[in-house]
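Asks: The structure under discussion is supplied below as structure tokens; questions concerning it will follow.
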Amino acid sequence: MSEKATWDCLANWTEAEREWWWMGPFAGGVPGLVRRIRRILDVSQRGLAAILGVSQSVVARWETGRTSPRVDVMERMLQLARVRVRLEDEGTGVEVRPMRADGARKHGGSRFPAHTDLRATGWWVPRALRDMTTVESLVARDRSRAARDPSIRHRVSPYRKRIERAVFGVPEDHPAVHQLAAEAEHLDEVRAARLRPRPST
């Protein structure tokens, strides 16, 4: 249906087209969001294009749905309009937030896979020393404890992950390193309590 349709041409529409028109308003999707941002900023297509450093024809293609702006461009437009997008779970209406930027990372600096659930298993020790109880391994463990550098693991087996999620629930996000360090400290306390001699009765 042409966007140039006006009340004057309704007589030329089919019955189905008229029914569709009266059922509105409809969600505008990305094209409607771009137009809403232009309305908030009170600028023309050419004006928005100048702000973003693109051509007017690019903005026109966004508004007709032929192409869509990149996510970083859309974020910039929303910031300019001082608008915050809120994502909601379709079934519950609960807000869905992006994953945290300060989530724990591997020692190489890369992120853990987003679909995995992380847990601390103690303090980090180099792989070559992990199964040993040598002085070097104990020194490495103590050094990691002092630096609050926990050993972070995640389940590779989908079966085991399903069991853990059934028991403990699905974590909303990857924890930050300081949260996993607190978990490692708790594990230290649990181990120390097991080794503590029980009082005689």
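The values are calculated or read from the model by the stated rules, or taken from the named source; none is laboratory data. Here the structure is a predicted model, which is why all the values come from computation and not from measurement. Cβ coordinates were reconstructed from backbone atoms using ideal geometry, including for glycine residues, and neighbour counts include every protein chain displayed.
Asks: Would a scan of segment 18-36 turn up a residue that is assigned to a helix (DSSP H, G or I), among the aromatic types (F, W, Y), at pLDDT below 75 and surrounded by 10 or more Cβ atoms within 10 Å (Cβ to Cβ)? Steps first, answer last, please.
Replies: Start the filter on segment 18-36 by keeping residues that are assigned to a helix (DSSP H, G or I), which leaves 18-23, 29-36.
Next, from what is left, pick out any that are among the aromatic types (F, W, Y): 20-22.
Filter once more, so that each one left must be at pLDDT below 75: 20-22.
If we keep only those that are surrounded by 10 or more Cβ atoms within 10 Å (Cβ to Cβ) as well, we get 20-21.
Within segment 18-36, one or more residues are assigned to a helix (DSSP H, G or I), among the aromatic types (F, W, Y), at pLDDT below 75 and surrounded by 10 or more Cβ atoms within 10 Å (Cβ to Cβ).
Asks: Can you find a residue in segment 137-151 that is in contact with a His (Cβ under 8 Å, 6 or more places away or on another chain), surrounded by 10 or more Cβ atoms within 10 Å (Cβ to Cβ), in the same structural domain as L180 (by TED's automatic domain parsing) and outside any strand (DSSP E or B)?
Replies: Yes: one or more hits.
Asks: Cβ-Cβ below 9 Å, separation at least six or inter-chain, first residue in segment 103-128 and touching a residue at least 24 places away in the same chain (Cβ under 8 Å) and within 19 Å of A146 (Cα to Cα), second among the aromatic types (F, W, Y) and not in a loop (DSSP other than H, G, I, E, B): which pairs?
Replies: Between residues of segment 103-128 that are touching a residue at least 24 places away in the same chain (Cβ under 8 Å) and within 19 Å of A146 (Cα to Cα) and residues that are among the aromatic types (F, W, Y) and not in a loop (DSSP other than H, G, I, E, B), there is no close pair.
Asks: Quick one: how many residues across segment 158-192 are closer than 18 Å to R141 by Cα and β-branched (V, I, T)?
Replies: Residues that pass the stated criteria total 2.
Asks: For segment 168-189, give me each residue that is of a type in the set (V, I, T) and modelled with pLDDT of 90 or more.
Replies: V177
Asks: Would you check if T67 is part of a loop (DSSP other than H, G, I, E, B) and out of contact with any helix residue (DSSP H, G or I) (no Cβ under 6 Å at 6 or more places or on another chain)?
Replies: no
Asks: Identify, by number, the condition in (1) in contact with a helix residue (DSSP H, G or I) (Cβ under 8 Å, 6 or more places away or on another chain); (2) of a type in the set (A, V, I, L, M, F, W, C); (3) assigned to a loop (DSSP other than H, G, I, E, B); (4) within 27 Å of P171 (Cα to Cα) that V83 doesn't meet.
Replies: Every listed condition holds for V83 apart from (4).
Asks: Now a separate question. In segment 123-136, which residues are of a type outside the set (D, E, K, R) and in a helix (DSSP H, G or I)?
Replies: Of everything in segment 123-136, those that are of a type outside the set (D, E, K, R) and in a helix (DSSP H, G or I) turn out to be A128, L129, V135.
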